[in-house]
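These notes are about the structure you will find just below.
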Amino acid sequence: MPESIGSTGSDESIDSLEALWAHPRVHASRASLGESPRRRIVSLVPSLSEALHVLGLGDRLVGVTQYCVHPADAFAGIARVGGTKDADVDAIAKTAPDLVIANEEENTARVVRKLAERGLDVWVTSPRTVREGAALLDELADLGASDAARAAHVGPCLEAVARAERAAPDVRPRVFCPIWRDPWMTIGGDTYIDDMISLCGGRNLFAAPGAAPVRGRAERRYPKVDLEAVIDLDPEVVLLPDEPYAFGAADREALLETGCAAARTGRIHLIDGTLVSWYGPRIAEAIQVLAKLFANA
C-alpha cells in the first residue's frame with residue numbers, strides 16, 4: 001500500500017518532503033489560497049467531498065475519488081479520478097481544476113508533487129483533533145457556503161465539540177479500536193481517531209508510545225499489534241469500524257470469546273467507521289453516538 005504524505009514509513013526523504021511543503025502550489029490552509037474564488041474543485045478526500053456537498057458547494061466539484069460515496073448518488077456525473085492513494089494525475093488535470101483538496105494521511109506525496117508541478121493549487125488538509133476537523137469544515141465553508149449552510153452544519157459541529165470538551169469525565173473506559181487485521185493494526189496517539197475517543201470519554205489503549213508490545217516502532221501512529229497483548233490489556237470497550245477494514249459479525253463473535261472485560265459485558269460494538277474517522281459534518285453525530293457507548297461501559 002502506498003504511504004501517505006506524512007507517514008513515518010514513507011520512502012520519501014525528509015528533504016524531499018520539506019521541498020513538497022515549500023512548493024508555492026502546495027497549501028496548508030484556506031488562508032494560504034488567497035481570495036481568488038474556486039469554482040472547479042477536485043476532492044481526493046471522501047469526507048471532504050461530502051462536506052462540500054452538504055455545504056451547498058457540490059456544484060463546484062469536477063472530480064472525486066472512487067471512494068467518495070456519501071451521500072449516495074451525490075456525485076453522479078462527476079469525473080472519478082482513481083483512489084485516494086493512487087489518484088490519476090492525468091484524469092485530474094483533464095478536469096481543469098482551480099483547486100485540488102488532498103489530505104496528509106489519505107493521499108501521497110507523489111501525487112501532490114505531480115499536481116503542483118503541473119501548476120495546480122493543492123490544499124493539503126491535516127486535522128489531528130476533532131476540534132481541528134470542525135475548524136476545517138468552517139474553512140471549507142469559506143469557499144462560498146451560504147450563511148444558512150454554515151448555521152445548519154458548521155455551527156452544530158463546533159457546538160458539539162465545545163460541549164464534549166466541557167463534559168470530560170473523570171473515569172474513562174479502556175478502548176481498543178482496530179483499523180485492520182491480518183495483521184492487526186490500531187491507532188496510536190496524535191491521530192484524529194485517538195482524539196475522538198478521548199473527546200467522547202474513552203481512553204485509547206495505544207495512545208502513548210510504548211503503551212503495549214507492538215511489532216515495529218512503538219512510536220508509530222498506527223501500530224501493528226498482537227491480539228494476545230491487546231487482550232492482556234483487558235479493554236473495556238472494543239470498537240469495530242467497517243472501514244478501512246470491514247469488521248463484521250464474525251470478528252465480533254471471535255472477540256467475545258476472548259474473555260476480556262469488553263467481552264464479559266458485551267461492550268464490543270460494530271460501528272459505522274465514518275463516525276471515528278471522517279471529519280466534517282458527521283462530527284456532531286459521532287460525538288453523540290460514541291459518548292453513549294463509553295458512558296455505558
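The values are calculated or read from the model by the stated rules, or taken from the named source; none is laboratory data. These numbers come from a predicted model, not from an experiment. Virtual Cβ from ideal backbone geometry, glycine too; neighbours counted across all protein chains shown.
Note on region 63-114: residues that are hydroxyl-bearing (Ser, Thr, Tyr) and touching a helix residue (DSSP H, G or I) at 6+ places or on another chain (Cβ under 8 Å) amount to 3.
Considering only region 115-132, state which residues are farther than 20 Å from Leu52 by Cβ, at pLDDT 95 or above and not aliphatic (A, V, I, L, M).
Within region 115-132, the subset farther than 20 Å from Leu52 by Cβ is 116-119, 128-129, 131.
Add one more test, that the residue is at pLDDT 95 or above, and what stays is 116-119, 129, 131.
Across region 115-132, the qualifying residues are Glu117, Arg118, Gly119, Thr129, Arg131.
Candidates in region 18-32 are the residues that are hydrophobic (A, V, I, L, M, F, W, C) and either buried (at least 19 other Cβ atoms within 10 Å of the Cβ) or under 22 Å from the mean Cα position of the chain (by Cα) (or both); of these, the one that is nearest to Leu275 (Cα to Cα) is Ala28. For region 119-142, a residue qualifies if it is within 17 Å of Tyr279 (Cα to Cα) and not in a helix (DSSP H, G or I), and the qualifying residues are Trp123, Val124, Thr125, Ser126, Pro127, Arg128, Thr129, Asp142. Among the numbered conditions (1) without any contact (Cβ under 8 Å) to a residue 12 or more places away in the chain; (2) assigned by TED's automatic domain parsing to the domain that holds Ala286; (3) assigned to a helix (DSSP H, G or I), the only one that Ala162 does not meet is (2).
Once region 38-97 is narrowed to residues that are at pLDDT 95 or above and of a type in the set (S, T, N, Q), the residue that is farthest from the chain's Cα centre (by Cα) is Thr95. Could you grab me the full set of residues in region 43-97 that are among the acidic types (Asp, Glu) and surrounded by fewer than 20 Cβ atoms within 10 Å (Cβ to Cβ)? Asp59, Asp73, Asp86, Asp88, Asp90, listed by residue number. Among the conditions (1) crowded, with 21+ Cβ neighbours inside 10 Å; (2) not basic (Lys, Arg); (3) not in a loop (DSSP other than H, G, I, E, B), the only one that Pro235 does not satisfy is (3). Show the residue pairs meeting these rules: Cβ distance below 7 Å; 6+ apart or different chains; first residue within region 78-90 and at positive phi; second residue surrounded by fewer than 16 Cβ atoms within 10 Å (Cβ to Cβ) and not aromatic (Phe, Trp, Tyr). Matching pairs, first to second residue: Gly82/Gln66; Gly82/Ala91. From the list Ala102, Ala116, Ala93, the lone residue that is within 14 Å of Leu33 (Cα to Cα) and part of a helix (DSSP H, G or I) is Ala116. The criterion of at least 1 residues that are within 20 Å of Ala134 (Cα to Cα) and small (Gly, Ala, Ser) is met by the following helices (runs of 4 or more DSSP H) wholly inside region 244-294: 274-277.
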